[in-house]
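Have a look at the structure below, then the notes.
The values are calculated or read from the model by the stated rules, or taken from the named source; none is laboratory data. Values in this document were obtained by computation on a predicted structure and should not be read as measured data. Quick reminder, even Gly has a Cβ in these numbers, built from the backbone with ideal geometry, and neighbours come from all protein chains shown. The accessibility values were calculated without ligands, DNA or RNA, using every heavy atom of the protein model including side chains. Shrake-Rupley method; radii C 1.70, N 1.55, O 1.52, S 1.80 Å.
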Amino acid sequence: MDDPLIIAGREFRSRLITGTGGASNLSVLERALVASGTELTTVAMRRVDAAGNTGVLDLLRRLGIGVLPNTAGCRTAAEAVLTAQLAREALETNWVKLEVVADERTLLPDPIELLDAAERLVDDGFVVLPYTNDDPVMAQKLEDVGCATVMPLGSPIGTGLGIRNPHNIELITARASVPVVLDAGIGTASDAALAMELGCSAVLLATAVTRAQDPERMAAAMRSAVDGGRLARLAGRIPQRFWAQASSPAL
Amino acid sequence: MNARVNGSLRELPDGATVAAVVELTGAPSSGVAVALDGTVVPRAAWASTPVADGSVVEVLTAVQGG
């Protein structure tokens with residue numbers, strides 16, 4: 001079945017976007033990325049002398065996986081805009097996963113700074129994929145300023161708490177006319193499947209795979225879950241009923 | 001003269017360019033970007049952009065994250 005994900009006119013066969021953070025080493029990461037089937041993967045921008053390993057770019061190029069720089073660590077719109085511009089220069093892509101977080105403890109998005117940064121980056125020619133709260137109003141505003149997707153969290157980054165407010169995600173997917181990507185909070189395969197069943201167009205995850213006991217196997221699980229959830233969404237689930245309904249004919 | 005390079009104060013020869021500072025950091029040959037006093041300097045301009053005394057230079061590359 002031909003069912004590509006299209007973001008800003010670019011077509012993807014895979015609906016799983018992955019991160020690279022948290023993997024214990026590059027060979028573990030490589031096996032996980034291959035097993036996930038992903039075609040788009042995030043990287044962070046850091047100072048050269050503090051970076052340590054920079055082999056991640058070579059790895060993504062070798063695997064033919066698109067690079068999606070993020071603005072992780074940025075706390076203000078100004079920081080995020082500069083980081084995105086540096087990423088564009090360094091990586092020759094105008095795509096950016098926009099993150100502007102309010103504090104280190106929750107890593108929750110700062111909606112005021114986020115919207116400001118999104119608007120400035122769109123004006124500067126970026127394809128902006130913003131990490132946002134699971135707030136339908138904010139999602140609409142981000143879309144209105146020209147973001148290419150909206151990426152609501154299921155729960156805070158790295159918590160693995162899954163989708164804490166499925167109804168909000170459904171409200172967002174029901175109204176959005178850009179792809180909705182469930183970003184952050186995925187803990188296991190059923191969370192990813194639920195995101196797709198709620199109408200998300202894709203799932204972005206990192207920790208759930210990279211810190212799993214067997215990252216390669218979890219990556220394969222996430223791939224199947226995203227595919228399964230997407231199929232179920234397209235198939236149209238049965239309505240929920242209070243009382244039983246026999247599925248065999250009466251005697 | 002001195003400049004703050006990736007957070008550390010570094011002594012640089014007078015007339016040092018952005019290209020020289022990048023080399024000083026040991027940055028890889030690709031996948032690197034530079035901000036001079038909060039503004040991106042395109043790679044093509046590195047060799048012709050001088051770093052003034054007291055400048056703040058950030059040399060960034062991609063790492064695992066997100």
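Within region A:80-95, which residues are part of a helix (DSSP H, G or I), open to solvent by 40 Å² or more (accessible area, probe 1.4 Å) and out of contact with any Gly (no Cβ under 8 Å at 6 or more places or on another chain)?
Selection gives A:Q85, A:R88, A:E89.
Answer yes or no as to whether A:I17 is surrounded by fewer than 22 Cβ atoms within 10 Å (Cβ to Cβ), part of a strand (DSSP E or B), in contact (Cβ under 8 Å) with a residue 12 or more places away in the chain and more than 9 Å from chain B (Cβ to nearest Cβ).
No: the conditions fail for A:I17.
Do we have A:L98 as in contact (Cβ under 8 Å) with a residue 60 or more places away in the chain, closer than 20 Å to A:V203 by Cα and within 14 Å of chain B (Cβ to nearest Cβ) here?
Against the criterion (in contact (Cβ under 8 Å) with a residue 60 or more places away in the chain, closer than 20 Å to A:V203 by Cα and within 14 Å of chain B (Cβ to nearest Cβ)), A:L98 does not qualify.
So which residues in region A:57-71 are within 11 Å of A:A44 (Cα to Cα) and at pLDDT below 95?
A:L57 - this is the single residue of region A:57-71 that is within 11 Å of A:A44 (Cα to Cα) and at pLDDT below 95.
Can you tell which of A:V67, A:V150 is farther than 25 Å from B:A45 by Cα and among the aliphatic types (A, V, I, L, M)?
Answer to the check: A:V150.
Pairs, please: C-beta under 8 Å, at least 6 apart or cross-chain, first residue away from every other protein chain (no Cβ under 13 Å) and in region A:22-41, second among the basic types (K, R) and not in a loop (DSSP other than H, G, I, E, B)?
Hits for this filter: A:A35/A:R217; A:A35/A:R223; A:S36/A:R223; A:G37/A:R223.
Since B:A27 meets every condition but one in (1) over 30 Å from A:V28 (Cα atoms); (2) at pLDDT below 90, which condition does it not meet?
Result: B:A27 passes all but (1).
Please find, within region B:20-46, the residue that is surrounded by the most Cβ atoms within 10 Å (Cβ to Cβ) out of those that are among the hydrophobic types (A, V, I, L, M, F, W, C) and over 11 Å from the mean Cα position of the chain (by Cα).
Once the filter is applied, the top-ranked residue is B:A45.
Looking only at region A:75-95, how many residues end up being under 23 Å from A:P136 (Cα atoms) and either at pLDDT below 95 or at the interface with another protein chain (Cβ under 7 Å from one of its Cβ atoms) (or both)?
Selection size over region A:75-95: 0.
When residues of region B:51-66 are filtered for being open to solvent by 60 Å² or more (accessible area, probe 1.4 Å) and either at the interface with chain A (Cβ under 7 Å from one of its Cβ atoms) or farther than 17 Å from B:L9 by Cα (or both), how many remain?
So the count comes out to 0.
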